[in-house]
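A short worksheet on the structure shown next.
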Amino acid sequence: MKKTAIFPGSFDPFTNGHQDIVLRGLNLFDEIIIAIGHNTKKTRYFKLNAMIDYIRMAFDNNPGINVITYNELTASLAKKYDAKFLLRGLRNTTDFEYENSIAEINKHLNPDLESVFLITSPEYAFIRSSIVREVHLYGGDISDYLPYAL
Ligand code: ADP
């Protein structure tokens, strides 16, 4: 049976840290769906459609990678795509605390869904989308943090 994992996040922007998790996830899963959570009431810093294109570019249109947007519970999205796994990255204990409760809730909402965590590669552990946005806002060079050219 095909193993499909959802990799959910805001990806505002998608960074080298995210790419690392997806590439390593490809050793575990046949297909990874990168799902950009999009709340219509919240404005993004980087445009959604542009980010979809950038992510596709970052994976060179790899057939094992799909990029979608969603505006619903991740647990329901997984059911829709018949995905039994949720892929997440763990940078530190703060991520762990947060991810722990999210995983519990997701399991409760969709008992077939297993959360799988990969420990961040140390060279990317410092990268946070929020900080990358801040650096960009004030004119700094963020190219070292992104797997595509803006
Ligand atoms: P959210 O918006 O849900 O906080 P993000 O979009 O920032 O999440 O990230 C999505 C997933 O990628 C999360 O599992 C997060 O832990 C992971 N992640 C974020 N930054 C990194 C990084 N630098 N290295 C590895 N994983 C990361």
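The values are calculated or read from the model by the stated rules, or taken from the named source; none is laboratory data. From a predicted model like this one, the values you see are computed outputs, not experimental measurements. As a convention, Cβ positions derive from the backbone with ideal geometry for all residues, glycine included, and neighbour counts pool all protein chains shown.
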### Task
Report whether or not E134 is loosely packed, with under 12 Cβ neighbours inside 10 Å, of a type in the set (D, E) and free of Cβ contacts under 8 Å to residues at least 60 places away in the same chain.
no
#### Entry: Extreme residue, nearest to the chain's Cα centre (by Cα), among residues of region 53-102 that are among the hydrophobic types (A, V, I, L, M, F, W, C) and more than 26 Å from T43 (Cα to Cα)
F85
#### Entry: Every residue from region 1-60 that is within 13 Å of the ligand (Cβ to nearest atom), free of Cβ contacts under 8 Å to residues at least 12 places away in the same chain and either among the acidic types (D, E) or surrounded by 12 or more Cβ atoms within 10 Å (Cβ to Cβ) (or both)
L23
### Task
Check V132 against each of (1) closer than 21 Å to L48 by Cα; (2) more than 12 Å from the ligand (Cβ to nearest atom); (3) part of a helix (DSSP H, G or I) and name the one condition it does not meet.
(2)
### Query
Conditions: (1) outside any strand (DSSP E or B); (2) away from the ligand (no atom under 12 Å from the Cβ). I68 meets all but one. Number of the miss?
(1)
### Query
Would you say K80 is in contact (Cβ under 8 Å) with a residue 24 or more places away in the chain, farther than 17 Å from P13 by Cα and basic (K, R)?
no
### Task
For region 49-63, state whether one or more residues are part of a loop (DSSP other than H, G, I, E, B), touching a Phe, Trp or Tyr at 6+ places or on another chain (Cβ under 9 Å) and either farther than 18 Å from I21 by Cα or modelled with pLDDT under 95 (or both).
no
#### Entry: Leading residue by the ranking (surrounded by the fewest Cβ atoms within 10 Å (Cβ to Cβ)) among those in region 93-129 that are in a helix (DSSP H, G or I) and in contact (Cβ under 8 Å) with a residue 60 or more places away in the chain
Y124
